[in-house]
Amino acid sequence: MPGYTGKEIPNLEKDVDATVVELVDLTRRGYVQKNQALDFAKLAGYFTLAVLTQIAFGQALGFLVKIEDVYDYRKSSSAFYPIMELG
């Protein structure tokens, strides 16, 4: 069985690359230069949401730029997890 290639999304690689650059820049600017601790798990979640919204809607919704739970997406998802476990 072949894997998913994303051929129907013309800018997939370009969009993911741009978001990776944004993540690296944010890490350097926001944490390394300020010598602050980095919660990479939280940042990785926002990175994932930035990539997914960029691909789905043609623009990222600001999760990575703002480093916050825009529109309470993660909060709403977390509240739904117990219901998904029942299935």
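Here, each number is a calculation from the coordinates, and none is a lab measurement. Not measured: the values here are computed from a predicted model. Backbone-built Cβ (ideal geometry, glycine too); neighbour counts: all protein chains shown.
Points worth noting:
- The condition of being under 23 Å from Tyr71 (Cα atoms), surrounded by fewer than 14 Cβ atoms within 10 Å (Cβ to Cβ) and out of contact with any Lys or Arg (no Cβ under 6 Å at 6 or more places or on another chain) holds for only one of Ala50, Ala37, Ala41, that being Ala41.
- Yes/no for Thr27 being within 10 Å of the chain's Cα centre (by Cα) and among the hydroxyl-bearing types (Ser, Thr, Tyr): no
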